[in-house]
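Engineer: Could you have a look at this structure, given as structure tokens, before my questions?
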Amino acid sequence: MDSKKMGFNTVCTHFGEIKDEQFKGAVSPIYLSTSYAFEDVDVKRYPRYFNTPNQEALSKKIAKLEKGESSLIFGSGMAAISTTLFAFLQKGDHIVLQRTLYGGTANLVNEEFTKHGIEFSYVETQNISGFEEKIQSNTKVIYIETPSNPLLTITDIQAIGDLGKKKDIITMIDNTFASPVNQNPIALGIDVVLHSATKYLGGHSDILAGAVVSSEKNIDRIFQVAKNFGGSLSDFTVWMLERSIKTLGIRVKRQNKNALKLAKWLAKNDDIAAVYYPGLKSHPDHEIAKKQMKGFGGMLSFELKEGLNSSDFQKELTLIKSSMSLAGVESTILSPTLTSHALLTGEERQAQGIKDGLLRFSVGIEEKEDLMEDIQQALNKIKVPELEH
Ligand SMILES: *Cc1c(COP(=O)(O)O)cnc(C)c1O
């Protein structure tokens, strides 16, 4: 079939696969060699050069899903993010970043950039004027993350892309939370798309991986740094990730649907004080989300009514697991204050609107009725006063 005409799920299932010419097997064979004879052409295949048969095949699939020209796959999301940032920034350069970033990215900037003489400014709002104000003559990169963690704020992707073009600055987005199912930032004018493939691309909480998608020219620039940093992904895990992506479309669409239903249900529940989900009309950024997202994603956050203890609530859940990671087929929940945002001070969390009782909920593919029942029984248990015995 003409690959230009392939729809999303067809690309997930078939595009970029390695044909098994020898045995006609249904899935890509796996090539684990770390040593390849020199071919006539000057391709020197080596896993750290990101060019084994499985690495190349999966790169094509991920690039196509993100509507980019090319891609590289890494050993973790942070390997993709750090390598990409260091490919575009050197001593004396400056980067403008959204304040509400994944904790690992914020740590990378705060701890490593200072050591390497790279300047940075955080933007406290999602307003485009906020980003523009921070631009300096040495600004080389604008970096955003939308929807953000944990309050699912939305940044206007197209406006950031336009700003970057106007000022001749590279724009980057961490697209992990949305996944390529829900938004394609390159089509909206962003230069570089990053993923923790540990999350939705992997989707089963059993793979650590990352990816970057961009133009051929940018990917070559990133590759020149990547081969020095050595963050490529092993072929066995590449193969597992290819298998996982076959179901990416159906998994995430189901998670979108479950999350929207649960967000609406939670918003009506008397024991819930607040729900943060970009698919709700009550979300302050709902209009921008509607403009740039095809679905609103599987992540939401909520606060219990005053007097209800969120740690007790988490302990009473039987189906929904308390877990640090996200985006698996199973539903998981965590307290940002105690885990992902524990390194921030109380004031810093408050400035970002993260209350101590906030819970971040990664909605899985289970039956929504079962998830609601689990939440309701946990709420009922923590509301019952202790019986005397
Ligand atoms: C998990 C995560 C990362 C880091 O990815 P790793 O695979 O853990 O290195 C980066 N960004 C976001 C939004 C994430 O959720």
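Engineer: Residues of the stretch 179-218 with backbone nitrogen within less than 15 Å of a virtual label 7 Å along the Cα-to-Cβ line of Arg243, please, listed as ranges.
Structural biologist: Residues passing the 15 Å test: 202-208.
Engineer: Another question about this same structure. For n ≥ 4 DSSP H runs only, could you compute -39500 (n - 2.57) per run for the chain, divide by its residues and tell me the 222 nm figure to the nearest 500?
Structural biologist: On the way: 14 runs with 141 residues, N = 389.
Counting only the DSSP helices, I get -10500 deg cm²/dmol.
Engineer: Shifting gears a bit: Using the per-residue mean of other Cβ atoms lying within 10 Å as a proxy for protection, in what order, highest first, do the peptides 296-302, 231-237 fall?
Structural biologist: For the peptides 296-302, 231-237, the packing ranking is 296-302, 231-237.
Engineer: If each of Thr10 and Met324 carries a label point 7 Å out from its Cα toward its Cβ, how far apart are those two points in nm?
Structural biologist: 4.2
Engineer: Just the number, please: Stokes-Einstein D of the chain in µm²/s, Kirkwood Rh from C-alpha pairs, 4 °C, 1.567 mPa s.
Structural biologist: The diffusion coefficient I find is 59 µm²/s.
Engineer: Using the heavy atoms of the protein chains and a 1.4 angstrom probe, tell me the accessible area per residue for the stretch 3-245 in square angstrom.
Structural biologist: Details: 10290 Å² over 243 residues.
Heavy-atom SASA per residue in the stretch 3-245 reads 42 Å².
Engineer: Okay, next question. Going through the cross-link list Lys199/Lys381; Lys4/Lys246; Lys60/Lys199; Lys91/Lys199; Lys199/Lys257; Lys199/Lys246, which pairs have a Cα-Cα distance over 24 Å in this structure?
Structural biologist: Lys199/Lys381; Lys91/Lys199
Engineer: What does the highest-first list of 141-148, 30-37 look like by mean Cβ count within 10 Å?
Structural biologist: 141-148, 30-37
Engineer: If each Cα of the stretch 1-145 is one equal point scatterer, what is log10 of I(q)/I(0) from the Debye formula at q = 0.11, 0.16 Å⁻¹?
Structural biologist: Result of the Debye calculation: -0.62, -0.98.
Engineer: Please report, as a whole percent, how much of the solvent-accessible surface of the chain comes from carbon and sulfur atoms (probe radius 1.4 Å).
Structural biologist: Carbon and sulfur atoms account for 52 percent of the accessible area of the chain.
Engineer: How far is helix 53-65 tilted off the main Cα axis of the chain, in degrees rounded to 10, range 0 to 90?
Structural biologist: Taking the Cα atoms of the chain, the angle to 53-65 is about 60 degrees.
Engineer: Say R0 is 51 Å: what FRET efficiency, to the nearest 0.05, do Phe229 and Lys261 get from their beta-carbon distance?
Structural biologist: Working: r = 42 Å, r/R0 = 0.83.
For Phe229 and Lys261, the calculated efficiency is 0.75.
Engineer: Inverting the mean 1/r over all pairs of different Cα atoms, compute the Kirkwood radius of the stretch 65-209 and quote it in Å. Kindly include the intermediate steps, with their values, before the conclusion.
Structural biologist: Details: mean 1/r = 0.0654 Å⁻¹.
When all Cα pairs of the stretch 65-209 are included, the Kirkwood radius is 15.3 Å.
Engineer: Classify the stretch 250-382 as rounded, prolate or oblate from the Cα gyration tensor: take a ≥ b ≥ c as the square roots of its eigenvalues, call it rounded if a/c is under 1.5, otherwise prolate when a/b beats b/c and oblate if not.
Structural biologist: Details: a/c = 1.44, a/b = 1.10, b/c = 1.31.
Note, shape of the stretch 250-382 comes out rounded.
Engineer: Quick one: Karplus J couplings for the stretch 144-151, per residue in order, coefficients 6.51, -1.76, 1.60, θ = phi - 60°, nearest Hz, x for Gly and Pro?
Structural biologist: 10, 8, 8, x, 8, 10, x, 9
Engineer: Right, something else. If you take every residue apart from Gly77 with its C-beta less than 11 Å away from the C-beta of Gly77, what net charge results, scoring Lys and Arg +1 and Asp and Glu -1?
Structural biologist: So the environment of Gly77 carries a net charge of 0.
Engineer: Using a Förster radius of 25 Å, what is the FRET efficiency between Gln350 and Ile128 based on their Cβ-Cβ separation? Nearest 0.05, please.
Structural biologist: In this case the efficiency is close to 0.50.
The values are calculated or read from the model by the stated rules, or taken from the named source; none is laboratory data. Since we're looking at a predicted model, the values are computed, not measured. As a convention, Cβ positions derive from the backbone with ideal geometry for all residues, glycine included, and neighbour counts pool all protein chains shown. Remember, those area values only see protein heavy atoms, side chains included, never the ligands or the DNA or RNA. Shrake-Rupley method; radii C 1.70, N 1.55, O 1.52, S 1.80 Å.
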